[in-house]
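Chemist: Okay, here's the structure, questions in a sec.
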Amino acid sequence: MDTLKGEVVSVVYTDPETHFTVARLKSKQEPGLITVVGNIGAIAPGTELSLEGNWKFHPKFGRQFNIVSCVQNLPATIVGIKRYLSSGLVKGIGPVLAERMIKHFGNNALKVLDESPDKLLEVPGIGKKTLEKIVSSWDEQKEIRNVILFLQEHAIPPSFAVRIYRTYGKDSLKTIRERPYDLAYDVKGIGFKSADKIALKLGFSEHSIERVEAAIVYALFSLSEKGHVFYPKEGLISHVMKLLNLEDTELVEDAIRLLLEKKRIYIEDIDENIKDAVYLRHFYKWEVEIASRLKGIMSCATHQAEDSEKISGYINDFEIRYNISLSEEQREAILGACLNQVFIITGGPGTGKTTITRFIGHILKKMGLKIKLAAPTGRAAKRLQEATGLFASTIHRMLGFGPGGEFQYREDKKIKINALILDEVSMVDCHLFVNLLRALPLTCKLILIGDVNQLPSVGPGNVLKDLIESQVIPTKGLSKIYRQAKKSMIVVNAHRINQGKFPVRSKKEPPEADFFWVEEEDPKKVQQLIIYMVSERIPKVYGFDPMKEVQVLTPMHKGDIGTAALNKLLQDTLNSSNKAKTYVLKGFRLGDRVIQTKNNYEKEVFNGDLGIIREVDLESGELIIDFDGRDVLYNQSELDEISLAYCISIHKSQGSEYPVVLFPVMIQHYIMLHKNLVYTALTRAKKLAVIFGSRKAMAIALKDVNKEHRYTNLKNRLKDMAIC
């Protein structure tokens, strides 16, 4: 590696999370100012850096020094000290106080700050309160520098330093040295793999009990990302042994016993097949609490017998107002929702869920109840609002979720409502559902609406399916497809897929036909077909705008027909005119279609929201994105919250609808191929759907085999609740 020493003249950019920094350096080794880049954390002008790294040529920014390791030294010259103190890195000192300190102490200013800070009181403008702020900030910076230096000595990324210090403060180094696996539990962004790397570099044994304990917790978290609330002990042991490349089963057994003693996990017998179900402790509490709170709400039913006649009268009135004649099963669903304290309505496309929801909302208002409507995503909430004519929000917004991760409405501060209509419940996981129940008064009527045949939640649990299968909560399943919906081959084929039958072709020709299945096995040919269909065929024949109305979905991120490859090809095809205005670090272009990938409550942009990039500022690294007519500013550190959205995963599409949907069903997706994945993708389309793939791949998906089995016990807890 090359070495470089010099003084920081200016800091161009620092990402507060990743600590990626771009700075200008003055060095005796090179003429002019040098651009240095790397994850070195917050630095101030005037700092002396000793760097190891490599010279690289950036196509836009020219020659740069890419930092691999960095040692920061305090500035020694008057000019350097002035730059350092004026930078704002030390809170309480600005340019004016920096000038006074240097005038008073000369090039000993930093030495005084470090060794005899009380002497700063001699400087005009520094009183006791200002001194406290200065000393506190200086001590913090000193500790962070020590942590960075320690991590660098052990070849550990310095980007962890500030997170570690914010968690442990002055105990940071002690914790890293003595209990490195605690980092995986305590420090956001540092998982087991990072903590394990640190621990092994510090000399911890591969067979240490601390390592195995941390691996067990990591394994349970990883399995929860596949939807499992618990995991059988035997399978968990096998998972951990494979993860750590161990052969000693007894060591894993010992670690499980210790975690049980520390109350980090909980173990219980489920049934004859699963004797030892291992839960993360808080997952177990969520499941128990959901059952208990539902029991509490159901026990508070207050309706009387004559309410049934009154509600039937309201239904008749609204039938006349909306000019709709309801079927018997629709009337039963509306009556059940209005009469029961907790009620579930489930059904596929074309079965009238939207009509029923509108009736229920207006009847509950007619009954004098204060109601709210909510859904898991912003797009689903918007659809719910459009369908009912009543205000709807995301669940997170309704609960007052803030940037700190806390809900405003909870056990000690309930939402003041009499009834809640919750749509797209198949997307709701255990964590969100338990927080929702905590915020509801026991007297609140809860109406849950969803399609149990769609993909389950991304997070742990299978809430809607468990609630229905418990047979404890009154449920109405809608099965009748209405005349208008029967004309749609999208609806017809969605129900055929749900029944395990192959989709059938439309008898109509384009542009009247709304469904196509293009049989093709070669991924490269499917890739080319998708690009052709999106960019030429569909706009020409159907008149849909490929940038606004056509959405490509796919089961996976990698491969020729994964999101990464398809997004790049679609970007180059649909948005080639803006290639010159490409944001270099992330590859975004002016005019790109993007998706928000996490909730941002400050910006009021939510996971799954689609937008168009309206402005790209290559100098500042800022983008302006239009989300449904509202411009939102993103700086460089926030760009990891968005991704290209010409093609998105089927999971990301849940709760949304698009005029046109195209998606592949290929043998390469074998691990993901199951009925509810194809069903979910198809039911996202409103006007036109095109499936690409072979009959063999479709046959695999249609097999009635539950490949996404999830280990949950909510169903049985609800049954036990009914017995009690």
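The values are calculated or read from the model by the stated rules, or taken from the named source; none is laboratory data. It should be emphasised that the depicted structure is a prediction, and the values quoted were computed from it without experimental measurement. Cβ: placed from backbone, ideal geometry, glycine included. Neighbour counts: every protein chain shown. To get the accessible areas, we keep the full protein, side chains included, count just its heavy atoms, and leave off ligands, DNA and RNA. Shrake-Rupley method; radii C 1.70, N 1.55, O 1.52, S 1.80 Å.
Chemist: Read through the list (1) touching a Ser or Thr at 6+ places or on another chain (Cβ under 7 Å); (2) small (Gly, Ala, Ser); (3) surrounded by fewer than 21 Cβ atoms within 10 Å (Cβ to Cβ), then give the number of the only condition that residue 381 fails.
Modeler: That leaves (3) as the condition not met.
Chemist: In region 359-415, how many are touching a residue at least 60 places away in the same chain (Cβ under 8 Å), in a helix (DSSP H, G or I) and of a type in the set (Gly, Ala, Ser)?
Modeler: Count: 3.
Chemist: If you check residue 105 against the conditions, is it buried (at least 17 other Cβ atoms within 10 Å of the Cβ), touching a Leu at 6+ places or on another chain (Cβ under 6 Å) and either aliphatic (A, V, I, L, M) or farther than 12 Å from residue 7 by Cβ (or both)?
Modeler: Answer is no for this residue.
Chemist: Considering only region 183-197, how many residues are of a type outside the set (S, T, N, Q), under 24 Å from residue 141 (Cβ atoms) and open to solvent by 30 Å² or more (accessible area, probe 1.4 Å)? Steps first, please.
Modeler: Going through region 183-197, the residues of a type outside the set (S, T, N, Q) turn out to be 183-193, 195-197.
If we keep only those that are under 24 Å from residue 141 (Cβ atoms) as well, we get 183, 186-190.
Narrowing the set further to residues that are open to solvent by 30 Å² or more (accessible area, probe 1.4 Å) leaves 186, 188-189.
Matching residues across region 183-197 total 3.
Chemist: In addition: Count, please, the residues in region 494-505 that happen to be over 15 Å from residue 351 (Cβ atoms) and not aliphatic (A, V, I, L, M).
Modeler: Result for region 494-505: 5.
Chemist: Scanning for something open to solvent by 10 Å² or more (accessible area, probe 1.4 Å), in a helix (DSSP H, G or I), farther than 23 Å from residue 560 by Cβ and among the small types (Gly, Ala, Ser), does region 618-631 turn up at least one residue?
Modeler: At the first step, the residues of region 618-631 found to be open to solvent by 10 Å² or more (accessible area, probe 1.4 Å) are 618-620, 622, 624, 626-631.
So of that shortlist, the ones also in a helix (DSSP H, G or I) come out as none.
Checked against the condition, which is being open to solvent by 10 Å² or more (accessible area, probe 1.4 Å), in a helix (DSSP H, G or I), farther than 23 Å from residue 560 by Cβ and among the small types (Gly, Ala, Ser), region 618-631 yields no hits at all.
Chemist: Further question: Step by step: first the residues of region 427-445, then only those that are in a loop (DSSP other than H, G, I, E, B) and among the aliphatic types (A, V, I, L, M), then the one that is farthest from residue 358 (Cα to Cα). Which residue is that?
Modeler: From region 427-445, those in a loop (DSSP other than H, G, I, E, B) are 428-429, 440-444; that's our starting set.
Those still in the list that are among the aliphatic types (A, V, I, L, M) too: 428, 440, 442.
Values: 428: 21, 440: 22, 442: 24 Å.
Looking at residues that are in a loop (DSSP other than H, G, I, E, B) and among the aliphatic types (A, V, I, L, M), I get 442.
Chemist: Do any residues in region 168-183 that are touching a residue at least 12 places away in the same chain (Cβ under 8 Å) have Cβ atoms under 7 Å from those of residues that are open to solvent by 10 Å² or more (accessible area, probe 1.4 Å) and outside any helix (DSSP H, G or I), where the two are at least six apart or on different chains, and which pairs are they?
Modeler: Matching pairs, first to second residue: 177/202; 180/202; 180/204.
Chemist: Can you tell me which residues in region 199-212 are of a type in the set (D, E, K, R), surrounded by 14 or more Cβ atoms within 10 Å (Cβ to Cβ) and either in a loop (DSSP other than H, G, I, E, B) or in contact with a Lys or Arg (Cβ under 8 Å, 6 or more places away or on another chain) (or both)? Break it down stepwise before answering.
Modeler: Let us first name the residues in region 199-212 that are of a type in the set (D, E, K, R), namely 201, 206, 210-211.
Add one more test, that the residue is surrounded by 14 or more Cβ atoms within 10 Å (Cβ to Cβ), and what stays is 201, 210-211.
Residue satisfying the conditions is 210 alone.
Chemist: Another question, if that's okay. Please pick out the residue among 4, 33, 25, 74 that is at pLDDT 90 or above, among the aliphatic types (A, V, I, L, M) and open to solvent by 50 Å² or more (accessible area, probe 1.4 Å).
Modeler: Only one candidate passes the filter, namely 33.
Chemist: List every residue pair whose Cβ atoms sit under 8 Å apart, with the two residues 6 or more apart in sequence or on different chains, where the first one lies in region 499-520 and is closer than 18 Å to residue 703 by Cα and the second, anywhere, is open to solvent by 80 Å² or more (accessible area, probe 1.4 Å).
Modeler: Filtered contacts from region 499-520: 500/703; 500/704; 502/695.
Chemist: Look through region 77-90, keep the residues that are over 35 Å from the mean Cα position of the chain (by Cα) and part of a loop (DSSP other than H, G, I, E, B), and return whichever of them is surrounded by the most Cβ atoms within 10 Å (Cβ to Cβ).
Modeler: Just the residues of region 77-90 that are over 35 Å from the mean Cα position of the chain (by Cα), to begin with: 77-87.
Still in the list and also part of a loop (DSSP other than H, G, I, E, B): 77, 87.
Details: 77: 12, 87: 21.
Across region 77-90, the extreme among qualifying residues is 87.
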